[in-house]
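Since the structure comes first, as structure tokens, the remarks are kept for the end.
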Amino acid sequence: MALFKRNKPELTDISQIKLPEHVGIIMDGNGRWAKKRALPRSAGHRAGAQTFRKIARYCSDIGIKHLTVYAFSTENWRRPDGEVNALMGLFKEYLEEALRDFRDDSIVLKFIGDRTAFSPELLALMNENEEESKDRPGMVLNLAMNYGGRAELATAVKSIAHDVSDGKLSPDDISEQTISDYLYTKGQPDPDLIIRPSGEHRTSNFLLWQSAYSEYVIMDVLWPDFTEEHLNKALLEYANRNRRFGGV
Ligand code: FPP
């Protein structure tokens, strides 16, 4: 009797291409994924969280140095209570278990956004994960939670104003670098590539300042269906772009 072995399809070869140092991902399409299956939206988020874990590991394996994922925006609080609660439950679950698994991958965890809005329990988990992972040598994984680019800039401007009025900073010394240094991503390179699955052509308030020269790759796949192969295709497309940063 013939044996049929179903192999995983070969991944696009990315071994020779120039990888971006920092990748951003807008994890979009969980709701539509669930709707297509007549499931509650929370089921889409659960599937999306599994994709998040798989893709974060893959990015670390192939040598991406910084990965920023958009997990919850400042606007997402407007969703029905049931959906927000389901997301908070998932964050707790993942911060307790999955993120600890990242220890084996040497991943450093950082949370970007206004964390004061989260429950004390979630807040403690965020602080614990950051503290525990801070000296690891691997990829920096920024989880954008209660994050909005405009809110981030407003917070930065407020801190700059305080430092000016306290005499710690002179207005004449404020440069683009000063602003970068007051953002949550201080000390990290700007994202080279931002991937948006689910086909939407919007920035949705993600890394507004940092993405000034990012290459966007929009993909027609819902986030829970996003695979390592989709990532490879985005990396290949990025590698073929001609980045000029305003020059010629
Ligand atoms: C956008 O899809 C997705 C979100 C608002 C939530 C993203 C969160 C996850 C993928 C879970 C991540 C979990 C961890 C632990 C980081 P949408 O709901 O707006 O989809 P739609 O546009 O199809 O409605």
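Between the alpha-carbon centers of segment 144-195 and segment 111-137, tell me the distance in whole angstrom.
Centre-to-centre distance over Cα atoms comes out at 20 Å.
Is there a quick way to get the dipole size of the chain? I mean about its Cα centre, with the Cβ of Lys and Arg at +1 and of Asp and Glu at -1; what is the value in debye to the nearest 20?
Here the size comes out at about 1020 debye.
In deg cm²/dmol and to the nearest 500, what is the mean residue ellipticity at 222 nm of the chain if only DSSP H runs of at least 4 residues count, each as -39500 (n - 2.57), divided by the residue total?
-12000 deg cm²/dmol
To the nearest 0.05, how large is the calculated FRET efficiency for Val84 and Leu19 if R₀ is 35 Å and r is the Cβ-Cβ distance?
Plugging the Cβ-Cβ distance into 1/(1 + (r/R0)^6) gives 0.50.
How big is the gap, in Å, between the Cα center of segment 64-89 and the Cα center of segment 206-248?
21
With a/c under 1.5 counting as rounded, go ahead and sort segment 34-78 into rounded, prolate or oblate using the C-alpha gyration tensor (a ≥ b ≥ c being the square roots of the eigenvalues; past the cut-off, prolate if a/b is larger than b/c, else oblate).
Oblate shape, in that a/c is at least 1.5 and b/c is the bigger or equal ratio.
Could you tell me how many degrees, from 0 to 90 and to the nearest 10, lie between the Cα long axis of helix 81-93 and the main elongation axis, the longest principal axis, of the Cα atoms of the chain?
80
For helix 149-165, report the angle its Cα long axis makes with the longest principal axis of the Cα atoms of the chain; keep it between 0 and 90° and round to the nearest 10°.
That works out to roughly 20 degrees.
Using 1/(1 + (r/R0)^6) with R0 = 35 angstrom and r between the beta carbons of Lys134 and Val248, what's the FRET efficiency to the nearest 0.05?
Efficiency, rounded to the nearest 0.05: 0.25.
Determine the gain in length on full extension of the stretch Arg115-Lys168; use 0.36 nm per residue of separation and subtract their C-alpha separation, reporting nm with one decimal.
16.5 nm
Can you tell me the FRET efficiency between Leu39 and Asp220 if r is taken as the Cβ-Cβ distance and R0 is 22 Å, rounded to the nearest 0.05?
0.60
What's the exposure ranking of Ser60, Ser159, Ser119, going from fewest to most Cβ atoms within 10 Å?
Ser119, Ser159, Ser60
In debye to the nearest 20, how big a dipole does segment 87-145 give about its Cα centre with +1 on each Lys and Arg Cβ and -1 on each Asp and Glu Cβ?
200
What angle do you read, to the nearest 10 degrees and between 0 and 90, between the alpha-carbon axis of helix 41-62 and the longest principal axis of the chain?
80
Taking Cα pairs under 8 Å and at least six residues apart, what relative contact order does the chain come out at, in percent?
Relative contact order of the chain: 29 percent.
At what distance in nm do the modelled label points of Asp101 and Lys158 sit from each other, each positioned 7 Å from its Cα along Cα→Cβ?
Result for the modelled spin labels: 3.7 nm.
Here, each number is a calculation from the coordinates, and none is a lab measurement. From a predicted model like this one, the values you see are computed outputs, not experimental measurements. Note that each Cβ is placed from the backbone with ideal geometry, even for glycine, and that neighbours are counted across all protein chains shown.
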